[in-house]
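Worksheet for the structure shown next.
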Amino acid sequence: MSWLVLVVAGLLEVAWAFALKLSHGFSLLLPSIATFVLMAASFFLLSYAMKNLPLGTAYAVWTGIGAVGTAIVGILFLGESASLMRIASIGLIVIGIAGLKLAG
């Protein structure tokens, strides 16, 4: 159950990062509010998952999901580069996350 909660927390991290981008430096009200609500939910779920998971593993997986997810969102929705080096680097992060899960 803790792993599922951690994955949801990571996905919420992707959502708040996207909302942060859409807020244009907190100059737009609704995306700014969404950013703070999603941040709070993400941190709450991360802290809940850390009750049963090692700190280093939980935090690394959470940030890894956030990094990979936001990179994919940037490519798919914001026209960011999808160069081979960028895709390969995202793949390395995924391998690292899988390794932490398997080691735990």
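The values are calculated or read from the model by the stated rules, or taken from the named source; none is laboratory data. Because the structure is predicted, anything quoted here is derived from the model rather than measured. Areas reflect the complete protein model, heavy atoms only, side chains present, ligands, DNA and RNA absent. Shrake-Rupley method; radii C 1.70, N 1.55, O 1.52, S 1.80 Å.
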* Asked: Residue-wise, which Karplus ³J(HN,Hα) couplings in Hz belong to the range 70-81, taking 6.51 cos²θ - 1.76 cosθ + 1.60, θ = phi - 60°, and x for glycine or proline?
  -> 5, 5, 5, 4, x, 5, 6, 10, 10, x, 6, 4
* Asked: Pick from Leu22, Leu76, Leu12: which residue has the top mean-square fluctuation in a GNM of the chain where Cα pairs under 10 Å get a spring?
  -> Leu76
* Rounded accessible area per residue of the chain, 1.4 Å, Å² -> 60 Å²
* Structure fact -> Options (1) 74; (2) 58; (3) 39 for percent of Cα pairs over 21 Å apart; the value derived from the coordinates is listed as (3)
* Asked: So how much accessible area does Phe44 have, in Å² to the nearest 10, using a 1.4 Å probe?
  -> 130 Å²
* Return the carbon/sulfur percentage of the accessible area of the chain, one whole number, probe 1.4 Å, all protein chains in place. => 78 percent
* To do: Work out from phi, with θ = phi - 60° and the Karplus expression 6.51 cos²θ - 1.76 cosθ + 1.60, the ³J(HN,Hα) of each residue of the range 5-13, listed in order in whole Hz, and give x for Gly and Pro.
  => 4, 5, 4, 4, 4, x, 5, 5, 5
